Amino acid sequence: MSKTLQTLRGMHDVLPAQTLGWSQLESVLADTARRYGYQEIRMPLVEHTALFARGIGEVTDIVEKEMYSFIDRNGDAITLRPEGTASCVRACLEHGLIHNQQRKLWYIGPMFRHERPQKGRYRQFHQFGVEAFGVNGAELDVELMLMAARIWQQLGITEVELQINTLGSVAARAAHRAVLIAYLQAHREALDDEARARLETNPLRILDSKNPAVQAIVADAPALGDYLDAADQENFAEVQALLTAAGIPFVVNPRLVRGLDYYNRTVFEWVTHALGAQGTICAGGRYDGLVSQLGGKATPAAGFALGLERLIELCDKPENDSTADIYVLWTDPASKAAALNAADALRNALPSQRVQCALDGGGLKNQLRRADRSGAAFTVHVEAPRQTVPHWTIKALRAEPTAPSITDTSMSPTEAIAWLAQAIGARPSAC
Ligand code: ATP
Ligand code: MG
């Protein structure tokens, strides 16, 4: 017998019992974005490799070691998107969406990174991202954090902390970079191979190292904050003042640098301790240089991305395998057509309800068992002896204290629909 095939490592099916939780989460996200004036955009899952190399930065974890890159049949170098920001900027430039105008966009979908799979870290995962273009002010940075806070509130997530930092301007980063390299050179022996390799290329990333030995060195390294110019300092002070005025608690984390090259000024992460090591559920910041780096006119921009898998885990969404609210039964083959019609009449009359008709008939006991397994609250047994008006017998499978009592007698379709409408109106809504 041939071996059955399985998913690739780090890639997962979302099974039927889980998809309701996923779509509820997705609709909270989409609805929140809409309420802040964001429009949805859908980009391809595959782009030219050059987009990510140029957009994210050659010496980042993502581009150096995490991308799913291929040469396709035409010899083109292509990559499964590891994040959405670079693609979103590419789409905006290609279609003139941000030419002399503000634009706020959101997207949701799978991202691909060849990482070591572990809890909360997968090779195909899903992000919801928002990107806003053409706004310079700190109020945008803070509005993004408010939007994320509203999402936590909608989802009932409470144990989450907002950490913020500023990376300053390009000039401030250059001044800091020089002293940081000198400091780290002086401690070269104590660094690990990865940190040594980053010394010349991307020293700021060493601050992000997860190695405790490197972290010890980094703890005394010159802080970027000391090299900020007056405008950067003022901007960061304003971000903090606006957050305080909005009543959003935060902590300043001077070590927060973010793994992608394109950020400047405000960066932020929402972190929870409820998920173990992979505690960052949302990350973002300002990236004023990216649009021009990808060939557009200099355009201020900011955004964030959040990981859906980590959120699902945090929300503890109950699994739901039910497929029906009302289940239509028939036992006499002569009633088959009437049963199919009855199910459709119920779908017309009660659009909020999921209605299933017993398929493949079978004995009443069997059908009732299938109805029960479907999670239906009511069964409707349709009987339509030849030449007579069909009559329906309703049975409540799950007794509701508020439901009107049931007569065992059969009813006309009109009476039965009216009865069900009343009974359903009395029940709490399905989700
Ligand atoms: P980390 O430091 O955890 O690797 P990152 O800086 O690479 O995160 P971003 O690129 O900023 O993460 O992505 C934003 C969010 O997307 C993360 O906060 C996380 O919730 C989610 N995310 C990133 N990579 C993965 C992954 N491999 N699996 C699941 N979720 C992920
Ligand atoms: Mg990462």
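The values are calculated or read from the model by the stated rules, or taken from the named source; none is laboratory data. Computed from a predicted structure; not experimentally measured. Every residue, glycine among them, receives a Cβ derived from its backbone with ideal geometry; neighbour counts consider all protein chains shown.
List pairs: first residue in the stretch 1-18 and free of Cβ contacts under 8 Å to residues at least 60 places away in the same chain, second residue surrounded by fewer than 10 Cβ atoms within 10 Å (Cβ to Cβ) anywhere in the structure, Cβ distance under 8 angstrom, at least six positions apart or on different chains.
Partner pairs satisfying both residue conditions: THR7/ASP13.
What's the number of the condition LEU256 fails, among (1) outside any helix (DSSP H, G or I); (2) over 16 Å from ALA305 (Cβ atoms)?
The single condition LEU256 does not satisfy is (2).
If I filter the stretch 223-253 down to residues being in a helix (DSSP H, G or I) and charged (D, E, K, R), which single residue comes out as modelled with the lowest pLDDT?
ASP226
Being surrounded by fewer than 21 Cβ atoms within 10 Å (Cβ to Cβ), within 16 Å of ligand 1 (Cβ to nearest atom), in contact (Cβ under 8 Å) with a residue 40 or more places away in the chain and in the same structural domain as LEU93 (by TED's automatic domain parsing) is the requirement here; does LEU242 meet it?
no
From the list ALA283, ALA230, which residue is surrounded by fewer than 14 Cβ atoms within 10 Å (Cβ to Cβ), closer than 30 Å to VAL179 by Cβ and among the hydrophobic types (A, V, I, L, M, F, W, C)?
ALA230
Yes or no: GLN185 part of a helix (DSSP H, G or I), surrounded by 14 or more Cβ atoms within 10 Å (Cβ to Cβ), of a type in the set (S, T, N, Q) and without any contact (Cβ under 8 Å) to a residue 40 or more places away in the chain?
It is false that GLN185 is part of a helix (DSSP H, G or I), surrounded by 14 or more Cβ atoms within 10 Å (Cβ to Cβ), of a type in the set (S, T, N, Q) and without any contact (Cβ under 8 Å) to a residue 40 or more places away in the chain.
Given the criteria over 23 Å from the mean Cα position of the chain (by Cα), exposed (fewer than 14 other Cβ atoms within 10 Å of the Cβ), among the aliphatic types (A, V, I, L, M) and within 25 Å of GLY296 (Cα to Cα), does ALA77 qualify?
When the stated conditions are applied, ALA77 passes them.
Take the residues in the stretch 89-143 that are out of contact with any Lys or Arg (no Cβ under 8 Å at 6 or more places or on another chain) and β-branched (Val, Ile, Thr); name whichever of them is farthest from ARG310 (Cα to Cα).
It comes out as ILE98.
This table checks each residue for (1) touching a Phe, Trp or Tyr at 6+ places or on another chain (Cβ under 9 Å); (2) under 21 Å from ARG121 (Cβ atoms); (3) within 16 Å of ligand 1 (Cβ to nearest atom); (4) not assigned by TED's automatic domain parsing to the domain that holds GLY134.
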| site | (1), (2), (3), (4) |
| --- | --- |
| ILE217 | yes, no, no, yes |
| VAL252 | yes, no, no, no |
| VAL271 | no, yes, yes, no |
| LEU294 | no, no, no, no |
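Looking at the stretch 136-145, is at least one residue surrounded by fewer than 20 Cβ atoms within 10 Å (Cβ to Cβ) and of a type in the set (A, V, I, L, M, F, W, C)?
no
Restricting attention to the stretch 123-170, and to residues there that are closer than 23 Å to GLU26 by Cα and of a type in the set (Gly, Ala, Ser), which single residue is nearest to the chain's Cα centre (by Cα)?
GLY129
Return a yes/no flag: does the stretch 120-133 have any residue that is more than 16 Å from ligand 1 (Cβ to nearest atom), in contact (Cβ under 8 Å) with a residue 12 or more places away in the chain, crowded, with 17+ Cβ neighbours inside 10 Å and at negative phi.
yes
Could you list, ordered by first residue, the pairs with Cβ atoms under 6 Å in which the first is in the stretch 144-162 and more than 11 Å from LEU311 (Cβ to Cβ) and in a strand (DSSP E or B) and the second is modelled with pLDDT of 95 or more and acidic (Asp, Glu), at least 6 apart or interchain?
none
To keep it simple, each residue is scored yes or no on (1) away from ligand 2 (no atom under 15 Å from the Cβ); (2) of a type outside the set (S, T, N, Q); (3) over 24 Å from THR280 (Cα atoms).
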position: TYR36; (1), (2), (3): yes, yes, no
position: ILE41; (1), (2), (3): yes, yes, yes
position: ILE71; (1), (2), (3): yes, yes, yes
position: ASP76; (1), (2), (3): yes, yes, yes
position: GLY84; (1), (2), (3): no, yes, no
position: CYS92; (1), (2), (3): yes, yes, yes
position: ILE108; (1), (2), (3): yes, yes, no
position: ARG121; (1), (2), (3): no, yes, no
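Given the criteria more than 25 Å from TYR122 (Cβ to Cβ), surrounded by 15 or more Cβ atoms within 10 Å (Cβ to Cβ) and within 15 Å of ligand 1 (Cβ to nearest atom), does THR266 qualify?
yes
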